[in-house]
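Participant: Sharing a structure here in structure tokens format.
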Amino acid sequence: MSNHGGDCCKSGPGYATPLLAMSGLRENIIYVAAIYTGTGQDKPDYLATVDVDPSSSTYSSVIHRLSMPFLGDELHHSGWNSCSSCHSDPSCERRYLILPSLLSGRIYVVDTKTNPKEPSLHRVVEPAEVLEKTGLAYPHQPHCLASGDLLVSCLGDKDGNAGGSGFLLLDSEFNVKRRWEKEGSSPLFGYDFWYQPRHETMISTSWGAPAAFTKGFDLKDVSDGLYGKHLHVFGDNGLLPLEIRFLHDPTKATGFKGCALSSTIVRFFKNEDETWNHEVAISVKPLKVENWILPEMPGLITDFLISLDDRFLYFSNWLHGDIRQYNIEDPKNPVLTGQLHVGGLVQKGSHVFALGEEDETFQFDVPMIKDQRLRGGPQMFQLSLDGKRLYVTNSLFSVWDKQFYPELVEKGSHMLQIDVDTDKGGLSINPNFFVDFGSEPDGPSLPHEMRYPGGDCTSDIWV
């Protein structure tokens with residue numbers, strides 16, 4: 001039996017294979033990083049526990065809030081101390097959720113085993129120690145390693161210069177060990193990363209210099225070279241490569257990356273001569289628009305994920321407001337199988353209009369859920385293990401939220417659940433699920449990344 005939630009069994013955490021994970025236990029709670037930083041409210045960020053069990057009396061609501069002990073953190077991405085990469089080691093357990101703070105540099109370690117519905121703070125890795133030993137700041141994405149160590153991507157130095165980016169290595173007790181990468185091999189920009197042990201490869205993506213993106217988005221910063229456009233070296237079809245995913249099958253030497261500004265999904269793959277190459281697999285055309293800051297609006301692909309059977313890829317167009325599902329059984333030729341508008345700047349009732357081929361104006365229909373108008377655009381995803389439920393939040397980064405969707409900061413963000421047709425493809429919104437972070441006890445907040453206690457398709461890596 002696998003150790004899904006951390007109890008000591010014959011095997012380590014997670015599942016032996018991605019396909020076995022698909023038959024794992026259905027999710028009943030989900031952890032959501034919720035942000036007050038940047039909203040003008042003098043409150044600490046917190047980890048929300050959301051009830052996602054339809055048979056529960058508290059379904060579709062926040063049932064616990066773990067407030068961080070400091071202000072100004074900006075919780076963002078998260079990961080586990082141990083995942084399916086450690087499945088063969090029975091001494092490992094998935095117990096601690098790792099929450100890096102993008103702005104303050106603190107790294108919170110949260111105990112989810114003692115009481116899964118009411119997690120507690122276990123430890124804080126202080127930014128001063130990280131800076132002293134490594135020179136790194138702006139921690140972003142954690143991934144556990146099969147060795148028991150923890151790797152955290154960091155986006156810059158203490159002054160927000162991207163040239164100081166790199167990877168922080170923590171031991172299994174969350175002590176700072178050192179920088180992971182060899183001297184002189186740090187990425188020009190940092191963000192997300194993924195590794196595929198059987199191919200002895202780790203690939204990282206690039207957002208931009210913290211000194212630039214923490215002030216809001218400015219196109220001049222792109223032209224000034226303050227944003228990334230490469231994994232190793234990518235052309236302009238890869239502007240702002242953010243999320244990256246290998247296929248879950250550990251024998252496959254291919255994967256995808258999402259490029260926000262150019263609104264492309266790029267497939268990367270290994271050639272027969274062991275070199276790596278890439279090609280644009282999906283492109284989202286910009287919309288011609290009226291009453292916006294530019295004459296054309298990119299989709300802005302800010303998150304994507306792949307189902308555990310490697311059949312479907314899902315991504316969000318944060319500005320256009322739609323979620324897309326593609327069949328990628330042939331990774332070279334993705335096929336659109338589902339599309340759903342759940343927000344965006346061009347929804348009916350907005351002051352922004354899109355222009356058709358003959359310059360006729362139009363806007364997208366967006367459903368109301370529980371009598372609530374959907375704010376913002378779809379952003380972060382989490383998919384159920386069986387691939388049938390897609391959870392969606394809509395906050396990107398507080399400064400960018402304020403710039404593009406000021407209503408989110410004023411009224412708070414929300415969380416949706418999308419039903420997925422895993423046979424023929426297709427997406428439909430669950431009308432019974434709506435978590436309104438605008439009605440939180442301490443005021444409207446901004447939910448971001450989501451994690452299940454037993455692991456998921458964006459945290460677990462198979463070796």
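The values are calculated or read from the model by the stated rules, or taken from the named source; none is laboratory data. None of these values were measured; they are calculated from a predicted model. Neighbour counts run over all protein chains shown; Cβ positions are idealised from the backbone, glycine included. Each accessible area value is taken on the protein alone, full model and side chains, heavy atoms only, with ligands, DNA and RNA left out. Shrake-Rupley method; radii C 1.70, N 1.55, O 1.52, S 1.80 Å.
Participant: Within the stretch 362-374, identify whether any single residue is open to solvent by 50 Å² or more (accessible area, probe 1.4 Å), part of a helix (DSSP H, G or I) and among the acidic types (Asp, Glu), and answer yes or no.
Facilitator: no
Participant: If we keep just the residues of the stretch 435-454 that are buried (at least 24 other Cβ atoms within 10 Å of the Cβ) and small (Gly, Ala, Ser), which is modelled with the lowest pLDDT?
Facilitator: Among those that are buried (at least 24 other Cβ atoms within 10 Å of the Cβ) and small (Gly, Ala, Ser), it is Gly454.
Participant: I'd like to check which strands (runs of 3 or more DSSP E) are fully inside the stretch 380-428 and have at least 2 residues that are in contact with a Pro (Cβ under 8 Å, 6 or more places away or on another chain) and not aromatic (Phe, Trp, Tyr).
Facilitator: Per the criteria, 389-393, 414-420.
Participant: Please find, within the stretch 180-233, the residue that is most open to solvent (accessible area, probe 1.4 Å) out of those that are in contact with a Lys or Arg (Cβ under 7 Å, 6 or more places away or on another chain) and not in a loop (DSSP other than H, G, I, E, B).
Facilitator: My answer is His199.
Participant: Do we find that Phe397 is crowded, with 19+ Cβ neighbours inside 10 Å and of a type outside the set (Lys, Arg) in this structure?
Facilitator: In short, yes.
Participant: On to the next question. Out of all the residues in the stretch 90-100, is one or more aliphatic (A, V, I, L, M) and open to solvent by 10 Å² or more (accessible area, probe 1.4 Å)?
Facilitator: No: zero hits.
Participant: Answer yes or no as to whether Lys177 is surrounded by fewer than 20 Cβ atoms within 10 Å (Cβ to Cβ), modelled with pLDDT of 85 or more, basic (Lys, Arg) and under 27 Å from Ser85 (Cβ atoms).
Facilitator: yes
Participant: Checking Gly349 against (1) surrounded by fewer than 18 Cβ atoms within 10 Å (Cβ to Cβ); (2) touching a strand residue (DSSP E or B) at 6+ places or on another chain (Cβ under 7 Å); (3) of a type in the set (Gly, Ala, Ser), only one condition comes out false. Which one?
Facilitator: Of (1) surrounded by fewer than 18 Cβ atoms within 10 Å (Cβ to Cβ); (2) touching a strand residue (DSSP E or B) at 6+ places or on another chain (Cβ under 7 Å); (3) of a type in the set (Gly, Ala, Ser), only one is false for Gly349: (2).
Participant: So Ser104 ticks every box in (1) part of a strand (DSSP E or B); (2) surrounded by 19 or more Cβ atoms within 10 Å (Cβ to Cβ) but one. Which box is left unticked?
Facilitator: (1)
Participant: Right, next: Filter the stretch 328-344 for residues that are part of a strand (DSSP E or B) and hydrophobic (A, V, I, L, M, F, W, C); which is nearest to the chain's Cα centre (by Cα)?
Facilitator: Ranking the candidates gives Leu340 first.
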